[in-house]
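The values are calculated or read from the model by the stated rules, or taken from the named source; none is laboratory data. Treat the numbers as computed from the prediction; the structure is a model and nothing was measured. A quick note on method: Cβ atoms are made from the backbone with ideal geometry, for glycine too, and the neighbour counts reach across all protein chains shown.
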Amino acid sequence: KNQVEQSPQSLIILEGKNCTLQCNYTVSPFSNLRWYKQDTGRGPVSLTIMTFSENTKSNGRYTATLDADTKQSSLHITASQLSDSASYICVVSAYTGANNLFFGTGTRLTVIP
Amino acid sequence: EADIYQTPRYLVIGTGKKITLECSQTMGHDKMYWYQQDPGMELHLIHYSYGVNSTEKGDLSSESTVSRIRTEHFPLTLESARPSHTSQYLCASLPGTIYNSPLHFGNGTRLTVT
């Protein structure tokens, strides 16, 4: 069964600290993995995309990693800011099937001053 | 900011009412989607469309219908709202394929059925 699991479910950190969010998936055949950021009351916005051949990709203070062998991805946030408070959703796409996008339940990050 | 708009942002209605949630995008995207999102849960696909006059049901049966008469417009209709329909509804569009493009989401409609 195609599934995407994220951990932790929620996380509270102090402003300026780093954190890492995890995403494990069983989606097959794997196409790509995206991390989305969803601010409260808004729709999700794409942060990064990881394809099979990519191990690391950065977008400012966000760095995503992918291990296609173990089917794990992480999103590392450096020097967190209050504006990083949001839900972070891992979405994995498969190469086949009409409905081939699989969503994680998200990690709710709260950055406190 | 994505050019995809959803109205209303918030809606409170009584059981049995018929409602239509609006979604419009100005980017000319062929593919459009409706998702339902409950707190702490993953997004569930309700309906999708690959172009004008093309609509398909997703995994979640929500007793809703959609239409795609124009590329830019993809409304969702609930014929008879129930409290179980209380949720956040997100509309999204896709410019190309999921292999090279992210979903562009609207800001959602928060629906409460009393």
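Considering only residues in region B:99-112 that are without any contact (Cβ under 8 Å) to a residue 40 or more places away in the chain and surrounded by fewer than 19 Cβ atoms within 10 Å (Cβ to Cβ), the one that is nearest to the other protein chains (Cβ to nearest Cβ) turns out to be B:Y99.
Could you tell me whether any residue of region A:91-108 is in a loop (DSSP other than H, G, I, E, B), within 20 Å of A:N18 (Cβ to Cβ) and in contact (Cβ under 8 Å) with a residue 60 or more places away in the chain? Among the residues of region A:91-108, at least one is in a loop (DSSP other than H, G, I, E, B), within 20 Å of A:N18 (Cβ to Cβ) and in contact (Cβ under 8 Å) with a residue 60 or more places away in the chain, which makes the answer yes. All conditions but one from (1) assigned to a loop (DSSP other than H, G, I, E, B); (2) closer than 28 Å to A:I49 by Cβ; (3) modelled with pLDDT under 95 apply to B:Y50; the one that does not is (1). Within region B:39-60, the presence of a residue that is among the polar types (S, T, N, Q) and under 19 Å from B:A81 (Cβ atoms) is excluded.
Report whether or not A:I89 is modelled with pLDDT of 95 or more and among the β-branched types (V, I, T). Spelling it out, A:I89 is indeed modelled with pLDDT of 95 or more and among the β-branched types (V, I, T). Beta carbons closer than 9 Å, at least 6 apart along the sequence or on distinct chains, pair a first residue in region A:69-84 that is of a type in the set (D, E) with a second that is not in a strand (DSSP E or B) for A:D84/A:E15; A:D84/A:R61.
Only one entry of A:E15, A:E5 meets the criterion of being closer than 26 Å to B:Y89 by Cα and either at pLDDT 95 or above or in contact with a helix residue (DSSP H, G or I) (Cβ under 8 Å, 6 or more places away or on another chain) (or both), and that entry is A:E5. Across region B:1-32, the qualifying residues are those that are away from chain A (no Cβ under 12 Å) and closer than 21 Å to A:N100 by Cα, and the one among them that is surrounded by the most Cβ atoms within 10 Å (Cβ to Cβ) is B:M32.
Annotation note: Cβ proximity below 7 Å between a residue of region A:35-52 that is at the interface with another protein chain (Cβ under 7 Å from one of its Cβ atoms) and buried (at least 19 other Cβ atoms within 10 Å of the Cβ) and a residue that is of a type in the set (A, V, I, L, M, F, W, C) and in a strand (DSSP E or B) (sequence gap 6+ or interchain) occurs for A:G43/B:L90; A:G43/B:F105; A:P44/A:I89; A:P44/B:F105. Scanning region B:1-54 for residues that are polar (S, T, N, Q) and touching an Asp or Glu at 6+ places or on another chain (Cβ under 6 Å) returns B:T7, B:S24, B:Q25, B:T26. Restricting to region B:33-50, name every residue that is touching a His at 6+ places or on another chain (Cβ under 7 Å) and more than 9 Å from every other protein chain (Cβ to nearest Cβ). Of everything in region B:33-50, those that are touching a His at 6+ places or on another chain (Cβ under 7 Å) and more than 9 Å from every other protein chain (Cβ to nearest Cβ) turn out to be B:W34, B:Q36. Among residues of region B:74-87 being surrounded by 19 or more Cβ atoms within 10 Å (Cβ to Cβ) and farther than 16 Å from B:T26 by Cα, the one that is farthest from the other protein chains (Cβ to nearest Cβ) is B:A81.
Does region B:51-73 contain any residue that is touching a residue at least 60 places away in the same chain (Cβ under 8 Å) and either away from chain A (no Cβ under 13 Å) or not β-branched (V, I, T) (or both)? No; the residues of region B:51-73 include none that is touching a residue at least 60 places away in the same chain (Cβ under 8 Å) and either away from chain A (no Cβ under 13 Å) or not β-branched (V, I, T) (or both).
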